[in-house]
1. Kindly check whether there is at least one residue in segment 72-83 that is modelled with pLDDT under 95 and among the small types (Gly, Ala, Ser).
2. For segment 41-56, which positions are part of a helix (DSSP H, G or I) and surrounded by 14 or more Cβ atoms within 10 Å (Cβ to Cβ)?
3. Within segment 52-61, is even one residue out of contact with any Phe, Trp or Tyr (no Cβ under 7 Å at 6 or more places or on another chain), among the β-branched types (Val, Ile, Thr) and over 22 Å from Thr12 (Cα atoms)?
4. Which pairs do you get when a residue that is at negative phi and in contact (Cβ under 8 Å) with a residue 60 or more places away in the chain, found in segment 24-41, comes within reach of a residue that is exposed (fewer than 14 other Cβ atoms within 10 Å of the Cβ) and not in a strand (DSSP E or B), reach meaning Cβ atoms under 6 angstrom, with the pair 6+ apart or on two chains?
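The values are calculated or read from the model by the stated rules, or taken from the named source; none is laboratory data. Since the structure is predicted, the reported quantities are computational estimates derived from the model, not experimental observations. Cβ atoms come from the backbone with ideal geometry, glycine included; neighbour counts cover every protein chain shown.
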Amino acid sequence: MAREIVLDTETTGFEPTAGHRLVEIACLEIEDFIPTGRSFHVYIDPCRDVPVDAERVHGLSTAFLTGKPRFEHPDVPTPRSSPTTPASTAPSSTTSSAS
C-alpha cells in the first residue's frame, strides 16, 4: 500500500527575506491513489498586506486573512522536533473555506 501526503501552500510572495509569508496550508492523505478522507487545512494571517499580484493568483485578500490564526496560534502546525515523525501522528482537522 502506497501512502502519500499531497501538500499545497499559498504565500504573499517568493522572498522570505522581503517579509513574504505563508497564508494557506492544505494537506490531503492518499493511499493507493485514493483520498483517505484525512486532511488538514488552515488559513494564516500573514500580519502584513497581501500584494495585489499575489491576491490575483490565490484570491486571498488582506481583509479575508486578517484575524485568521497566526503562526503562534495552536491551530497552526509547527515543525516537529523529529523529522522522522510519521504524518499519521499529526493532528487532523478540516477548516471550511469561504470564498
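1. From segment 72-83, those modelled with pLDDT under 95 are 72-83; that's our starting set.
Those still in the list that are among the small types (Gly, Ala, Ser) too: 81-82.
Yes, the conditions are met somewhere in segment 72-83.
2. So the first thing to find is which residues in segment 41-56 are part of a helix (DSSP H, G or I), and the list is 52-56.
Answer for segment 41-56, where residues must be part of a helix (DSSP H, G or I) and surrounded by 14 or more Cβ atoms within 10 Å (Cβ to Cβ): Ala54, Glu55.
3. Within segment 52-61, none of the residues are out of contact with any Phe, Trp or Tyr (no Cβ under 7 Å at 6 or more places or on another chain), among the β-branched types (Val, Ile, Thr) and over 22 Å from Thr12 (Cα atoms).
4. As it stands, the answer is none, since no pair meets every condition given.
For (1) among the aliphatic types (A, V, I, L, M); (2) in contact with a Cys (Cβ under 8 Å, 6 or more places away or on another chain); (3) surrounded by 12 or more Cβ atoms within 10 Å (Cβ to Cβ); (4) modelled with pLDDT of 95 or more, each residue gets a yes or a no:
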| residue | (1), (2), (3), (4) |
| --- | --- |
| Glu15 | no, no, no, no |
| Leu22 | yes, no, yes, no |
| Ser39 | no, yes, yes, no |
| His58 | no, no, yes, yes |
| Ser61 | no, no, yes, yes |
